[in-house]
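The values are calculated or read from the model by the stated rules, or taken from the named source; none is laboratory data. Everything numeric here is computed off the predicted structure, so don't read it as measured data. Positions of Cβ are backbone-derived with ideal geometry, glycine not excepted, and every protein chain shown enters the neighbour counts. Remember, those area values only see protein heavy atoms, side chains included, never the ligands or the DNA or RNA. Shrake-Rupley method; radii C 1.70, N 1.55, O 1.52, S 1.80 Å.
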Amino acid sequence: PPMLAFTSESMKHSATNAIATGEFVFNLCSRPLFAAMNISSDTLGRGVNEFEAAGLATAPSRIVKAPRVAASPASLECRVVHSMRFHDVDGQALDGWMIIGQVVGVHIDDA
């Protein structure tokens, strides 16, 4: 099946929510969305909505509960199949995480 992975340098909202809910949405970041993407990927406080902080409108997903970025030219709805914390060569746990999801829904802008 089609798979998608993302990493997080720490347990930020995206990684936390994906592990907790078992779902996430990958939104393709086109050049017009660049500034908003940087805002949404910042380390924001607990309870702060990244969509609101970045001024991004949401659109409903069809299969997963997580919303998608309405302005994104392509979004992939995913269900988590694996998550792992990174370790160094000595086996020491690091702050980074990798989340792997199976793509279960696709949205592509007709344009």
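Some notes on this structure:
- Solvent-accessible surface of region 44-86, taken per residue with a 1.4 Å probe and all protein chains present: 61 Å².
- Around Glu77: net Lys/Arg minus Asp/Glu count, Cβ-Cβ under 10 Å: +3
- Estimated dipole of the chain in Debye, rounded to 20 [Cβ of Lys and Arg +1, of Asp and Glu -1, Cα centre]: 280
- Carbon + sulfur, % of accessible area of the chain - ligands and nucleic acids excluded, 1.4 Å: 56
- Restricting the calculation to Cα atoms, every distinct pair contributes to the Kirkwood radius of the chain, found to be 14.7 Å.
- Between Pro32, Ile100, Ala59, the Cα set farthest toward the positive side of the dipole of the chain (charges on each charged residue's Cβ, about the Cα centre) is that of Ala59.
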